[in-house]
Structure formats: C-alpha cells, structure tokens
Amino acid sequence: MSNRFEGARVVVTGAAAGFGAAIARDFAAEGARVMVTDIDEAAAEAVAAGLNSALSFGLDVTDEARTAEMAQAVVDAWGGIDVVVCNAGLPHRAAPMIELDTDDFDRMWTINVRSIFLAAKYCVPHMPPGSSIVSVASIGGRRPRPGLTAYNASKGAVITLTKGLAGELAPGIRVNCVNPVSAPTGFDKNAVGLDKLPDEVEAAVVAGIPMGRRARPDDVAGAVLFLASDDASFLTGVGLDVDGGRSIG
Ligand SMILES: NC(=O)c1ccc[n+]([C@@H]2O[C@H](COP(=O)([O-])OP(=O)(O)OC[C@H]3O[C@@H](n4cnc5c(N)ncnc54)[C@H](O)[C@@H]3O)[C@@H](O)[C@H]2O)c1
C-alpha cells in the first residue's frame, strides 16, 4: 500500500457503510486524515474509530446548515480540505417511473444532486489549489434501464454537474466522478426491499456485466482514490465507468 494521501484532509459523505466506508478506509490506509460523515452518526463514529487519524460527524446531506457546520469542523480540526468525496446517495424503490410518488422524485434530487451543490458551496472556499472533488454517480446515469428512472436521471445530473463544476474550478480544483455498476450494498435493500437480490435477478444483472460479477466496494474505492490522487492530476470533468464493461454494448 502506498502513501499517496499522507496528511491529506479528506471528507467522505455516506461513509458509514457500503462504498463510502471502503473509500474512507482506503484513504486512511494511504495516510489521509478522514472526516467520516453519515446520517447515521453512531455508525460513522464506529467506522472512524477503526481508522488512523479519523474523525466523525453526523451529517444528513440534505441539511444545508449542517453541511456548513461539517465543512467548518474540518477546517477547525485540520485547517483546510484537500479532498471531498460526495458519496451519499440513495435509490428509490424500483418501479415504472409514472408509479413513483412525486415526493420520492423530489427526494432523488435533494439527496443525490442538491447534496453535491451544498458540499461544493461550503467546502470549496477551504480547498487549496491541487485539491479535488470526486462524486459517486452511477452507470445508470449514462445508460439507464427501466425501473430506476428518477434515480438514474439524478445520477445523470451528477455527471453533468461534475463536468460543469470542473470547468468552473479549473485549474485549481479538479472535479470528477465515478459511475459504478450495481453492487450488493445497502442499495439493494432500498431499491427492492430485500437484503439480497433473488437469485434470478442477481443472475440477470451479472449477465449484463462482461466481467461476470457485480461491483465491490473496493472497486469503487480504488477508482475514487485514483481520481483524487496526483496520478490523475490532468484529469478533470471525467466520469470514470466502474462497471465491469456493462456500458460497452
Ligand atoms: N450499490 C450500487 O449498486 C450502486 C451503484 C451505483 C452507484 N451507487 C451509489 O453509490 C453511493 C453509495 O451507495 P452504497 O451502494 O454504498 O449504499 P449503502 O446504502 O450501502 O450506503 C449509503 C450510506 O449513505 C448513508 N446515507 C443515506 N442517506 C443519507 C443522507 N441523507 N445523508 C448522509 N448519508 C446518508 C447511509 O446511512 C449509508 O451509510 C450512492 O450515491 C449510490 O447511489 C450505488
């Protein structure tokens, strides 16, 4: 394991579980100081307790005042912010779009898109040249399939927001996103109401992924760390497909 992020001040949202917990863990393993944030404050605290030089903060990413307080807490602790990972996000229950409640449609934008606007608004003023923002979008934002249309549209907005913001913040701050394919995290429970996909559904999902499996949190964390690292110092406005080839065809 290298130390690409020695001393870096990193914020991760939705970091108590799934992709976010793996992202926080991998940054810490490479020397970063990590602010582990999540709506589930106790779970965020438990993740941070297992890492070197990590703090935790209860943050519902839909809460503007709390987002501002979180950014200030990082500045108070470490003097600035070098990496912001906007990972928190949720699907709605899978269904044809016209059957979705209007409130659920609005919720997609608030949790998945507005949250990134807020994170940027309150963190960017504290980010020095050379820092970066990485958001977790979805391959569904580029290649939507039926059932998660409002969710996929929100992730399409994350990809567009990433590109637009990258243009605004260059050359000082790079802005990129990753587009993961389906992974067995808490996402499944929120999308279909089950802890584990039924075998036939799992098989159909895997059949659409040339690499022959769903994504793992490590796949996503590896791509996020790459985009945040100096190895990607000329990459901005990029949406990196972490999809095992799902979008090839
Ligand atoms: N798992 C997948 O199939 C998949 C595929 C593509 C993209 N994604 C995206 O990856 C990101 C992480 O999802 P995951 O798969 O790890 O899901 P997960 O459900 O395992 O983890 C999500 C985390 O976000 C937290 N969270 C929920 N609402 C929040 C809020 N309002 N404010 C702050 N934190 C909140 C949860 O407590 C949880 O810790 C999401 O943006 C999701 O849309 C997931």
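Per residue, what accessible area does the chain have, given a 1.4 Å probe and all protein chains present, in Å²? The partial results should precede the final answer.
Numbers: 11050 Å² over 249 residues.
Per residue, the chain has an accessible area of 44 Å².
Could you give log10 I(q)/I(0) at q = 0.15 Å⁻¹ for segment 9-239, computed by the Debye formula over C-alpha point scatterers of equal weight, without solvent?
Results for segment 9-239 at q = 0.15 Å⁻¹ read -0.97.
Hey, what did the chain get for relative contact order, percent, Cα under 8 Å, at least 6 apart?
Details: 524 pairs, mean separation 48.5, N = 249.
Rounded, it is 19 percent for the chain.
For Glu6 and Asp76, FRET efficiency with R0 = 30 Å and r from the beta-carbon atoms, rounded to 0.05? Let's see the in-between values first.
Working: r = 21 Å, r/R0 = 0.71.
Given R0 = 30 Å and the Cβ-Cβ separation, E is 0.90.
Listed highest first by mean packing, meaning other Cβ atoms within 10 Å per residue, what order do 162-168, 84-90 come in? Present the calculation step by step, with values, prior to reporting the outcome.
Working: 162-168: 16.1, 84-90: 26.9.
Going from most to least packed, we get 84-90, 162-168.
Please report the carbon-and-sulfur percent of the accessible area for segment 9-239; probe 1.4 Å, protein heavy atoms only, DNA, RNA and ligands left out. Don't jump to the answer; show the numbers that get you there.
Details: 5550 of 9990 Å².
Answer for segment 9-239: carbon and sulfur cover 55 percent of the accessible area.
Find out how many positive minus negative residues lie around Asn179, taking Lys and Arg as positive, Asp and Glu as negative, among other residues whose Cβ is under 15 Å from that of Asn179.
Net charge around Asn179: +4.
Given segment 6-49 reduced to its alpha-carbon atoms as identical point scatterers, what log10 I(q)/I(0) does the Debye formula return at q = 0.23, 0.24, 0.30, 0.34 Å⁻¹?
The Cα Debye sum returns log10 ratios of -0.64, -0.69, -1.02, -1.21.
Using a 10 Å cut-off on Cβ atoms, rank the peptides 122-135, 34-47 from the highest mean neighbour count down.
Numbers: 122-135: 19.9, 34-47: 22.3.
The peptides rank, most packed first, as 34-47, 122-135.
Which loop trypsin sites (Lys or Arg not before Pro) in segment 208-249, with loop taken from DSSP, have no more than 16 other Cβ atoms within 10 angstrom of their Cβ?
Listed in order of number, the matching sites are Arg213.
The values are calculated or read from the model by the stated rules, or taken from the named source; none is laboratory data. Treat the numbers as computed from the prediction; the structure is a model and nothing was measured. In this analysis, Cβ positions are derived from the backbone assuming ideal geometry, glycine residues included, and neighbour counts consider all displayed protein chains. Keep in mind that these areas ignore ligands, DNA and RNA; they rest on the heavy atoms of the full protein, side chains included. Shrake-Rupley method; radii C 1.70, N 1.55, O 1.52, S 1.80 Å.
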